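The next block holds one structure in the form of structure tokens; read it before the comments.
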Amino acid sequence: MKNVVLCVTGGVAAYKALELVSRLKKHNINVDVAMTKSAQEFVTPLSFQSLSQNPVITDMFDEPKAYEIAHISLAKKADVFAVVPATANIIGKMAHGISDDFISTSIMATKAEVLIAPAMNTQMYASPMVQENIAKLKSIGYTFVSPGAGRLACGDVGEGKLAVVDDIFDEIMKLLYPKKDFAGRKVIVTAGGTEAPVDPVRVLTNRSSGKMGIALAKALKDRGADVTLIHGHLTASVPDGIKTVSALTNEQMDHEILKCYDDTDMVIMAAAVSDFKVREISKHKIKKSEDSFTLELVKDKDILKGLGEKKKNQILIGFAAESQDLEAHAREKLERKNLDFIAANDISEGMVFGKEKNSIILYAKDGKMTAFGELSKEESAHRLLDEIMKEVTRRDQTTGL
Ligand code: CTP
């Protein structure tokens, strides 16, 4: 049986969490409810106890006998922690690692998915403090169900109203039963910047953080794929459980991909691969004896072009960061490298490198263009996978005929 820990914090919308409990119970999901003191001013614990058929946790030190240490045992047992409604206060505490009551402590102690449905006054919701805290929690993988707009209890009109219970319920179900549409697919994702060695201590490299490739590898793993992340230099960290292979130079990356290419269903080249290498790598550390010196660079291999030439049934996806003529350059690369998709980023107004968000325009071999709009790299990764899955399904249907 799946377990949801529903954390109710103080807000007029607290009563709507009652409906959520009954929806979850109807789907045979166990619900343990925890309430802050202020939530209890709006709805009584007894209402939640009656619907959940479990004792309600109302205080850190007032533990029901059934739990040894309630915040730890529930943190371990939970598949999803849902904070509904979530006040600015609990969002702020979570974003800053403050744990001074049952809810903030248990969320910090859990490995479960965390879902947050904020509800508060419009001005509070729009404040930079709340928005920064939300952005931080999103970046560590928490799921948000954004509030809707409308007339609030305080009389203000705008964003801040708790999302409709149907939407919150759907998001919880997605976290409890994630789609595994990539199960059985072998995927290579490349990430980060490759290095071109100059001498034993120096390299030429670029500013790629690897975030987009890491987000793709994580999304693929969550959706059931057998994914290998072949990476160059990274500044972002890779979540646990992802198979990684380090390949720092263009040559190493090419070699690692080719080792498993024939047996791979798709390759997503998010790495920023160096186009040039140093003609003669110095065996010894170059000394600063001269006032200036010249490094001769020669073209290095275009890995993706090579994969395009060897392609059998693999789906190939490239990335293109362009500062001008985005569409023309992207389509030219799609064609030249024999790709199925190219994900283009416009970098004319500030770099994409190292940023949390991007705005991808996806061009497909069949001419279709899809603009994702500005999204976090995690959201962009899922949107890209949705589009790739449509192509996979189309191919499966064609071969199945
Ligand atoms: N790529 C590659 N090998 C290279 C250079 C790029 O495999 N030596 C891949 C990248 O990982 C990316 C795609 O090709 O998926 C497009 O990379 P990009 O740098 O935009 O294109 P280039 O072909 O290098 O063209 P240019 O630098 O002239 O824009």
Count of the range 322-345 residues which are surrounded by 18 or more Cβ atoms within 10 Å (Cβ to Cβ) and under 24 Å from the mean Cα position of the chain (by Cα): 6
Segments classed as strands (runs of 3 or more DSSP E), wholly inside the range 224-297, with at least 1 members that are free of Cβ contacts under 8 Å to residues at least 24 places away in the same chain: 243-246
Helices (runs of 4 or more DSSP H) wholly inside the range 1-62 that include at least 3 residues being closer than 19 Å to Leu176 by Cα and either modelled with pLDDT of 95 or more or open to solvent by less than 10 Å² (accessible area, probe 1.4 Å) (or both): 16-26
The range 133-162 residues that are over 25 Å from Val114 (Cα atoms), paired with ones that are among the hydroxyl-bearing types (Ser, Thr, Tyr) (beta carbon under 7 Å, 6 or more apart): Leu152/Thr122; Asp156/Thr122; Gly158/Thr122
Selected residue [assigned by TED's automatic domain parsing to the domain that holds Leu216 and modelled with pLDDT under 95] from Ala328, Ala321: Ala321
Residues that are more than 10 Å from the ligand (Cβ to nearest atom) and either among the basic types (Lys, Arg) or touching a Phe, Trp or Tyr at 6+ places or on another chain (Cβ under 9 Å) (or both), drawn from the range 320-340: Glu327, Arg331
Test result for Lys287, more than 20 Å from Glu195 (Cα to Cα), more than 14 Å from the ligand (Cβ to nearest atom) and modelled with pLDDT of 95 or more: no
Flag if Lys355 is within 23 Å of Leu204 (Cβ to Cβ), surrounded by fewer than 20 Cβ atoms within 10 Å (Cβ to Cβ) and within 8 Å of the ligand (Cβ to nearest atom): no
Subset of the range 291-319 [within 8 Å of the ligand (Cβ to nearest atom), over 17 Å from Phe276 (Cα atoms) and of a type in the set (A, V, I, L, M, F, W, C)]: Leu307, Ile317, Phe319
Test for Lys305: is it open to solvent by 50 Å² or more (accessible area, probe 1.4 Å), in a loop (DSSP other than H, G, I, E, B), modelled with pLDDT of 95 or more and closer than 24 Å to Thr228 by Cβ: no
Near pairs, Cβ below 9 angstrom, 6+ apart or cross-chain, from the range 310-333 (touching a residue at least 60 places away in the same chain (Cβ under 8 Å)) to any residue that is open to solvent by less than 50 Å² (accessible area, probe 1.4 Å) and within 7 Å of the ligand (Cβ to nearest atom): Ile317/Met269; Ile317/Ala270; Phe319/Met269; Phe319/Ala270; Phe319/Ala271; Phe319/Ala272
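So that you can scan it fast, the table gives a plain yes or no per residue for (1) under 18 Å from Lys2 (Cβ atoms); (2) open to solvent by less than 50 Å² (accessible area, probe 1.4 Å); (3) under 17 Å from the mean Cα position of the chain (by Cα):
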residue	(1), (2), (3)
Ala135	no, no, yes
Lys138	no, no, yes
Ser146	no, no, yes
Val157	no, no, no
Ile172	yes, yes, yes
Lys179	yes, no, yes
Arg185	no, no, no
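The values are calculated or read from the model by the stated rules, or taken from the named source; none is laboratory data. Because the structure is predicted, anything quoted here is derived from the model rather than measured. As a convention, Cβ positions derive from the backbone with ideal geometry for all residues, glycine included, and neighbour counts pool all protein chains shown. Calculation scope for accessible area: heavy atoms of the full protein, side chains included, ligands and nucleic acids excluded. Shrake-Rupley method; radii C 1.70, N 1.55, O 1.52, S 1.80 Å.
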